[in-house]
Amino acid sequence: MSQYAQDIDTAATLITAQGSAWNAINPEYVARMRAQNKFKTGLDIARYTANIMRADMAAYDADSSKYTQSLGCWHGFIGQQKLISIKKHFGTTDRKYLYLSGWMVAALRSDFGPLPDQSMHEKTSVSGLIEELYTFLRQADARELGGLFRELDAAREAGDAAKEKEVQAKIDGHQTHIVPIIADIDAGFGNAEATYLLAKRMIEAGACCIQLENQVSDEKQCGHQDGKVTVPHEDFLAKIRAVRYAFLELGVDNGVIVARTDSLGAGLTKQIAVTKEPGDLGDQYNAFLDCEEITPAEMKNGDVVLNREGKLLRPKRLPSNLFQFRKGTGEDRCVLDCITSLQNGADLLWIETEKPHVGQIGGMVNRIREVIPNAKLVYNNSPSFNWTLNFRQQVFDAMVEAGKDVSAYDRNNLMSVEYDETELAIEADNRIRTFQADAAREAGIFHHLITLPTYHTAALSTDNLAKEYFGAAGMLGYVAGVQRKEIRQGIACVKHQNMAGSDMGDDHKEYFAGEAALKAAGKDNTMNQFG
């Protein structure tokens with residue numbers, strides 16, 4: 001017996017037991033409302049999606065072609081439309097997630113207005129967005145099932161048993177729009193206790209996966225900007241443990257932690273690590289500091305001095321009171337960060353890089369996997385990269401190495417449209433097309449995401465609409481550029497009243513008031529123009 005049929009029977013038994021007072025309650029309507037509200041709480045969602053993500057991680061370990069993907073979201077509607085589109089085009093949501101970007105929360109969701117990615121926005125706006133995303137995804141389930149229920153009623157009314165059976169099978173096999181969200185907690189918005197408290201809010205909202213970075217919380221910078229400052233490993237590990245405790249306290253035992261290292265591009269630290277003996281984790285962190293050997297006589301007022309193997313070393317301290325690392329140590333620090341994080345409770349890694357280069361990423365992952373063979377990455381396919389220029393330069397360099405003639409190309413000007421149809425540009429585009437599959441196979445990347453896609457698509461589409469609508473095209477700018485494409489591409493939002501829940505409201509009116517229901521979807525509803 002399907003869950004739908006079981007819910008009808010359960011409701012019917014309950015209604016009968018209540019006697020005549022509940023005679024107007026239809027048990028099938030109860031079953032429908034339950035089906036449309038499968039997930040009652042955010043914790044239900046977190047547990048469900050954590051299991052999905054763990055299964056996907058195991059599948060990737062067995063076959064690297066089974067990597068996962070997501071797109072960043074800054075509003076519940078954006079996340080909903082992504083999943084509706086995914087189901088429409090691919091018929092399944094398998095291995096397709098959503099990403100919640102701290103950058104977009106800062107830029108688009110703060111009461112202060114647009115902010116840089118520096119953890120200055122309200123911390124609860126992160127958990128609020130998770131809740132909003134899942135509210136819209138649950139509504140997508142309810143809307144889709146509502147359409148199926150109306151089809152079921154129509155088939156019964158027409159006496160079409162075959163159609164009724166077909167629709168019933170779709171209801172019984174319905175795949176939810178609820179998918180895992182990888183949620184950015186930045187550097188934790190404070191100390192380990194603050195990280196724990198915010199993680200709890202995020203998990204309660206539905207997050208099964210939390211991404212935490214090793215920057216100093218009050219000095220946090222976007223991973224693709226300068227001035228990044230990291231913390232000693234023990235500080236970061238305390239926050240990883242805080243997130244794990246939050247998962248376990250709330251009963252999300254399969255919760256996933258992504259440990260992000262910004263060390264590749266971070267040349268600064270705010271504090272010198274505590275070390276108790278040579279070679280311990282604090283000593284390894286301090287070994288990367290840019291120091292000069294001095295004698296006791298050379299010590300100055302306020303100097304911080306390290307004793308290493310009997311030598312006095314003075315770390316170089318900047319006017320900002322920050323200490324700098326030796327140049328060229330970023331990759332070694334990344335590898336140590338990753339190994340240490342995985343050995344202390346993290347599940348996945350995030351290495352923030354300055355360019356999308358499979359060889360660079362793979363080189364670091366291979367070193368990590370010498371210690372932890374199943375190390376896996378979440379990777380930011382960032383709009384901060386100039387993908388066209390980067391890959392054209394990579395192909396240019398490969399051509400030079402292969403001894404090919406590159407005299408027709410200017411390496412510093414490869415972004416130019418004049419190169420678009422050349423052999424070099426075509427090969428670069430092919431490498432961009434296969435980048436995710438190549439990196440999953442060769443660089444251990446389990447999950448590929450784009451942090452800010454809809455930030456850029458919204459700007460681009462708005463620019464095109466404004467140019468046409470306020471220009472010579474007038475209303476045709478909207479009709480040809482938007483609505484006609486919506487109709488012909490089958491975009492559900494062309495029926496915006498339906499998308500906003502009007503038909504579901506009509507269903508409920510009928511449930512509650514029967515024949516007296518005043519419905520919106522009558523013959524005068526202009527949405528009928530769209531078929």
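In plain terms, the chain from ARG34 to MET120 could stretch by 26.9 nm, reckoned as 0.36 nm per residue minus the Cα-Cα distance.
Nearest 10 degrees is fine. How inclined is helix 233-249 to the longest principal axis of the chain, computing both from alpha carbons? On a 0 to 90 degree scale, this one is about 20.
In the chain, the calculated helix contribution to ellipticity at 222 nm averages -15000 deg cm²/dmol per residue, counting -39,500 (n - 2.57) for every DSSP H run with n ≥ 4.
Of the peptides 230-237, 411-418, 208-215, the ranking by mean beta-carbon count within 10 Å, highest at the top, reads 208-215, 230-237, 411-418. Protection proxy ranking of 186-193, 171-178, 11-18, by the mean of other Cβ atoms within 10 Å over each peptide's residues and highest first, is 186-193, 171-178, 11-18. Projecting label points 7 angstrom from Cα along Cα→Cβ for ASN412 and GLN483 puts them 5.1 nm apart. Rounded if a/c is under 1.5, else prolate if a/b beats b/c, else oblate: with a ≥ b ≥ c from the C-alpha gyration tensor eigenvalues square-rooted, which is region 387-428? Taking the square roots of the gyration eigenvalues as a ≥ b ≥ c, region 387-428 is prolate.
Multiply the residue gap between GLU277 and THR16 by 0.36 nm, knock off their C-alpha separation, and tell me the result in nm, one decimal place.
86.6 nm is the gain from fully extending GLU277 to THR16.
FRET efficiency for the ALA55 to VAL371 pair, using the beta carbon distance and R₀ = 30 Å, is estimated at 0.75. The eigenvalues of the Cα gyration tensor, multiplied by 5 and square-rooted, give region 255-305 an equivalent ellipsoid with semi-axes of 29, 14, 10 Å from largest to smallest.
Cβ crowding within 10 Å ranks ARG138, ARG34 as ARG34, ARG138, fewest other Cβ atoms first. Contact order for the chain, expressed relative to its length and based on alpha carbon pairs under 8 Å spaced 6+ residues apart, stands at 14 percent. Taken along the Cα-to-beta-carbon direction at a fixed 7 Å, the label points for HIS496 and GLU423 span 5.1 nm. Computing Kirkwood radius over Cα pairs in Å for the structure here picks out one of (i) 23.9; (ii) 24.5; (iii) 26.5, namely (iii). The residues ARG433, ARG314, when put in order of fewest to most other Cβ atoms within 10 Å, stand as ARG433, ARG314. Note that region 30-39 has calculated 3J(HN,Hα) couplings of 4, 4, 5, 5, 5, 4, 7, 9, 4, 9 Hz, one per residue in order, obtained from phi through the Karplus relation 6.51 cos²θ - 1.76 cosθ + 1.60 (θ = phi - 60°); glycine and proline are x. Rounded, prolate or oblate: which fits region 325-401 when a ≥ b ≥ c are the square roots of the eigenvalues of the alpha-carbon gyration tensor, with rounded for a/c under 1.5 and prolate only if a/b beats b/c? Prolate. Put a plus charge on the Cβ of each Lys and Arg, a minus charge on the Cβ of each Asp and Glu, and nothing anywhere else: the dipole of the chain about its Cα centre is then about 480 debye. With r as the distance between the Cβ atoms of ASP44 and PHE512 and R0 = 22 Å, compute the FRET efficiency 1/(1 + (r/R0)^6) and round to 0.05. Calculated value: 0.25. The order of ARG32, ARG369, ARG143, ARG260, going from fewest to most other C-beta atoms within 10 Å of their C-beta, is ARG369, ARG143, ARG32, ARG260.
As a rough guide to protection, the peptides 267-275, 481-489 ranked by mean Cβ packing within 10 Å, highest first, stand as 267-275, 481-489.
All of the numbers you see were taken from the coordinates with simple rules; none came from a lab. Predicted, not measured: the structure shown is a model, and the values here were computed from it. Cβ coordinates were reconstructed from backbone atoms using ideal geometry, including for glycine residues, and neighbour counts include every protein chain displayed.
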